[in-house]
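Here the structure comes first, spelled out in structure tokens, and everything after it is commentary.
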């Protein structure tokens, strides 16, 4: 399902173009993952599992990158209409390597089988065991620019080299093609688009200057072009999330060197 290397680069490059922003900004939707409480949007319960890079609060290697992302999200919040965006906690910044199960699907499977979560962890460990890294060097992904999704703002990433892309895709294949995982009802649902989410949309029904918002994104992208910051990692982890600010794991949960 995932793209080859060159197709991925071509597809993701288009996500940060001014024309793309101009088209997408008129189709934004309020995210159900946050709700207005008083004057502030707070995360609501949204549970599931995914395989991610270590979260920012446990990732000193990429501390400067995550500091830059925090500054970026704060700049966005200052320049847009009130309640247009809800910022995610910088401590939880990460890149998702493999989505697994979430929301209604997660609750349905867990309700049907009280041992579902234990079985999920076992099958993720089995899938990870089927992957053998071809290098001891970290994989490296570069920030391409800000990316709009219908309900969120993220930064998109492209691999710094073909090997970094191939290693991530090979790892995803080992996880998703594990028959035991599929027997649990967990399958790949999306093409891979590497990103780090920094905000979700709030009240998009209000009147706001869509053109100015697009220009804000374009201006902020200049800092990524000039600095070309990288996300470097060699480890990924199974994590359970309870909302979009909290990603948890126990010490004995599966991890993999990628």
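The values are calculated or read from the model by the stated rules, or taken from the named source; none is laboratory data. Small disclaimer: the values here were computed from a predicted structure and weren't measured. Note that we place each Cβ from the backbone using ideal geometry, even for glycine, and neighbour counts take in every protein chain shown.
Structure values in brief
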read-out: Meets criteria (at pLDDT 95 or above, buried (at least 18 other Cβ atoms within 10 Å of the Cβ) and part of a strand (DSSP E or B)) for residue 236; value: yes
read-out: Check on residue 213, in a loop (DSSP other than H, G, I, E, B) and in contact (Cβ under 8 Å) with a residue 12 or more places away in the chain; value: no
read-out: Extreme residue, modelled with the lowest pLDDT, among residues of region 204-222 that are over 17 Å from residue 20 (Cβ atoms) and buried (at least 16 other Cβ atoms within 10 Å of the Cβ); value: 208
read-out: Test for residue 174: is it modelled with pLDDT of 95 or more and either in a strand (DSSP E or B) or farther than 30 Å from residue 108 by Cα (or both); value: no
read-out: Leading residue by the ranking (nearest to residue 167 (Cα to Cα)) among those in region 1-14 that are at pLDDT 95 or above and touching a strand residue (DSSP E or B) at 6+ places or on another chain (Cβ under 9 Å); value: 5
read-out: Residue within region 23-35 that is buried (at least 20 other Cβ atoms within 10 Å of the Cβ), part of a strand (DSSP E or B) and either on the phi > 0 side of the Ramachandran plot or modelled with pLDDT of 95 or more (or both) present; value: yes
